[in-house]
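Structure record follows, encoded as structure tokens.
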Amino acid sequence: NTKAFIFDLDGVIVDTAKYHFLAWKKIADSLGFEFTHQNNELLKGVSRVRSLDIILELGKVKAPQEDKNRWLIQKNEDYLSYLVDMDESEILPGVMPILNYLKEKKQLIALGSASKNARPILEKTGTLSYFDAIVDGNDVSNAKPDPEVFLLAAKLLNTKPEDSIVFEDSVAGVQAANIGGMTSVGIGEAATLHEAKYLFKDFTQMDKTFIDNLIK
Ligand code: B16
Ligand code: MG
């Protein structure tokens, strides 16, 4: 059977969360408040605009829209500067074997990411050609946990939600998959991703039998 396998990007295929963190931290530093790794967890899977609002709430900063726009540009320019040297060595462990196995089994593969920088990241890591459809932050208006991003990906692959499997590292993303009627597979810790139907610490823990059972 052919199924649609939809991958989130940040935290699933690559660990870009560390770069988002560094770039947001610079904004917080310049505004004079602390931004911790724990705070950064709140931003996973969340859009850029919403992320800034969350950060400003943390720092109890109120600012006019023009300041916010400036910080959004600054943050993204800084974030992009960390991506300049990105290559396939930044692909998370176990991801390539699963992508290759899905290809071997003639399954459909899509990207479902909140990021507006998804395409250059796929290009730099050499994974772009694996994807039959790409849906990212430029294509949707409703952020996860709204299922729009995954529903659009399934639609582009001509696949029903119930025949779609979503790999996600964020709580909002797991919820989006569940709300969309898809099979959610959490990649990360049980403490945060307990709503996922299946859970793996990372892709090295996922074996071929798991995929075989999904496509039976
Ligand atoms: P950008 P994902 C999300 O990507 C990240 O998890 C989140 O931290 C980030 O704010 C968001 O993309 C927007 O990214 O600023 O590049 O548009 O996890 O949905 O692949
Ligand atoms: Mg993610």
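The values are calculated or read from the model by the stated rules, or taken from the named source; none is laboratory data. Since the model is a prediction, treat every value here as computed from it, not as a measurement. Here Cβ is always computed from backbone atoms with ideal geometry, including for glycine, and neighbour counts include all displayed protein chains.
Here are some notes:
- Scanning segment 120-131 for residues that are charged (D, E, K, R) and surrounded by fewer than 17 Cβ atoms within 10 Å (Cβ to Cβ) returns a single hit, E123.
- Filter pass, E123 being within 15 Å of ligand 1 (Cβ to nearest atom) and either closer than 20 Å to D202 by Cβ or among the β-branched types (V, I, T) (or both): no
- Considering residues of segment 133-148 that are surrounded by 22 or more Cβ atoms within 10 Å (Cβ to Cβ) and either away from ligand 2 (no atom under 16 Å from the Cβ) or part of a loop (DSSP other than H, G, I, E, B) (or both) only, the residue nearest to the chain's Cα centre (by Cα): K144
- Filtering segment 114-130 for residues that are part of a loop (DSSP other than H, G, I, E, B), charged (D, E, K, R) and modelled with pLDDT of 95 or more leaves a non-empty set.
- Scope segment 77-92; condition under 15 Å from G126 (Cα atoms) and loosely packed, with under 15 Cβ neighbours inside 10 Å; matching residues: V84, D85, D87, E88, S89
- Top-ranked residue in segment 1-42 [being under 22 Å from D53 (Cβ atoms) and in contact (Cβ under 8 Å) with a residue 60 or more places away in the chain; ranked as farthest from ligand 2 (Cβ to nearest atom)]: L22
- Residues in segment 189-196 include at least one that is away from ligand 1 (no atom under 15 Å from the Cβ) and under 17 Å from D10 (Cα atoms).
- Just one of (1) more than 16 Å from ligand 2 (Cβ to nearest atom); (2) out of contact with any helix residue (DSSP H, G or I) (no Cβ under 7 Å at 6 or more places or on another chain) fails for Y130. It is (2).
- Whenever a residue of segment 97-122 is under 17 Å from D163 (Cα atoms) and away from ligand 2 (no atom under 14 Å from the Cβ), its partners that are among the β-branched types (V, I, T) and in a loop (DSSP other than H, G, I, E, B), lying with C-beta atoms within less than 7 angstrom and at least six residues away or across chains, give the pairs K106/T2; Q107/T2; L108/T2; L108/T159.
- All positions within segment 33-65 that are more than 16 Å from Y79 (Cβ to Cβ) and in contact with a Gly (Cβ under 7 Å, 6 or more places away or on another chain): F33
- Residues in segment 149-177 that are part of a loop (DSSP other than H, G, I, E, B) and not charged (D, E, K, R) were compared, and the one that is nearest to ligand 2 (Cβ to nearest atom) is S170.
- Going through (1) in a helix (DSSP H, G or I); (2) surrounded by 14 or more Cβ atoms within 10 Å (Cβ to Cβ) one by one, N69 falls short only on (2).
- For T192, the conditions (1) of a type in the set (V, I, T); (2) buried (at least 18 other Cβ atoms within 10 Å of the Cβ); (3) modelled with pLDDT under 95 are fulfilled apart from (2).
- Selection count, segment 93-119, where residues are surrounded by 13 or more Cβ atoms within 10 Å (Cβ to Cβ) and on the phi > 0 side of the Ramachandran plot: 1
- I54 of a type in the set (V, I, T), over 20 Å from I165 (Cα atoms) and within 16 Å of ligand 2 (Cβ to nearest atom): yes
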